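Here the structure comes first, spelled out in structure tokens, and everything after it is commentary.
The values are calculated or read from the model by the stated rules, or taken from the named source; none is laboratory data. Since we're looking at a predicted model, the values are computed, not measured. Using ideal geometry, Cβ is built from the backbone for each residue, glycine included, and neighbour counts are taken over all protein chains shown.
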Amino acid sequence: MSRAQKTTLVLVPLALVAAVVVWTFLYLIRYPPTVSAATTSPGEVNVVMQTVGAMGTGSHPPWVSYLIQRSDGTWVHSTVLQVPAHSTVHVTIYQYDSGSDLRNPTMNQVLGVPDATLDGKQYSVWTDSIGHTFTVPELGISVPLPGIADDAANPCSVAPCDTTFDHHTITFSFKTGAAATYTWQCFVPCAVGYLAGFGGPMSTVGYMNGVLKVVA
Ligand SMILES: [Cu+2]
């Protein structure tokens, strides 16, 4: 056997093993896509998201989730959000889920944003049931997203939901600093069927756990 043949004999199986390992890794992490905020004017961007009581499709249909809207209007099942550094981020969240009581009452406060509105009215705290929160601990930002009524007439059960379904509209804004990567998440124990409501979707990027990429 020539040297070239021997080399091929070693390298081909090695490449196959490497391909399988990479494919398995990518399959296991199934990292959701990054969605960039839409620039409206210099230094200002818009982010539109929704929270749903159940995805209704995909690998975990019963899981609660966030979704992010692309600037072309399509909804992406992702929580990986990219915004520019040193800009103002205007966030709108359509909240379609019912709520539950909080374990930590701190989380019913609007923290770190000056202008949160709920269905068009400014608010700073929500003491009734809460569906989810949008919280970026490192930035001191947390916004409670009130739940829709338990007896809502027209709840949405398959994401993405449109605004013909019962929902609350929450808006707020925050300023970004230098480029950095933060994690954000929901702090309501909203993972039904998991220990203390905190497993499953609560600890999974793409559902109730997200990444905020601030890029220069
Ligand atoms: Cu949640």
>> So D97 passes all but one of these: (1) modelled with pLDDT under 95; (2) touching a Cys at 6+ places or on another chain (Cβ under 9 Å). Which condition number does it fail?
In response: (1)
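Filtering the range 173-209 down to residues that are of a type in the set (F, W, Y) and more than 16 Å from the chain's Cα centre (by Cα), which residue is farthest from V91 (Cα to Cα)?
For the range 173-209, the residue satisfying everything is Y194.
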>> Among (1) touching a helix residue (DSSP H, G or I) at 6+ places or on another chain (Cβ under 6 Å); (2) over 23 Å from T74 (Cβ atoms), there is one condition S124 misses while meeting the rest; what is its number?
In response: (1)
> Somewhere in the range 191-207, is a residue within 16 Å of the ligand (Cβ to nearest atom), crowded, with 22+ Cβ neighbours inside 10 Å and assigned to a strand (DSSP E or B)?
Replying inline: no
> Does D150 meet the test of being under 15 Å from C190 (Cα atoms), touching a strand residue (DSSP E or B) at 6+ places or on another chain (Cβ under 9 Å), in a loop (DSSP other than H, G, I, E, B) and in contact (Cβ under 8 Å) with a residue 24 or more places away in the chain?
Replying inline: yes
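Check T176, T181 and return the single one that is away from the ligand (no atom under 16 Å from the Cβ), of a type in the set (S, T, Y) and surrounded by fewer than 16 Cβ atoms within 10 Å (Cβ to Cβ).
So the residue among T176, T181 that is away from the ligand (no atom under 16 Å from the Cβ), of a type in the set (S, T, Y) and surrounded by fewer than 16 Cβ atoms within 10 Å (Cβ to Cβ) is T181.
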> Across the range 112-137, what is the total count of residues that are more than 16 Å from the ligand (Cβ to nearest atom) and assigned to a strand (DSSP E or B)?
Replying inline: 5
>> Need pairs with beta-carbon distance below 8 Å; first residue outside the structural domain of L145 (by TED's automatic domain parsing) and within the range 190-210, second within 11 Å of the ligand (Cβ to nearest atom); sequence gap 6+ or separate chains.
In response: none
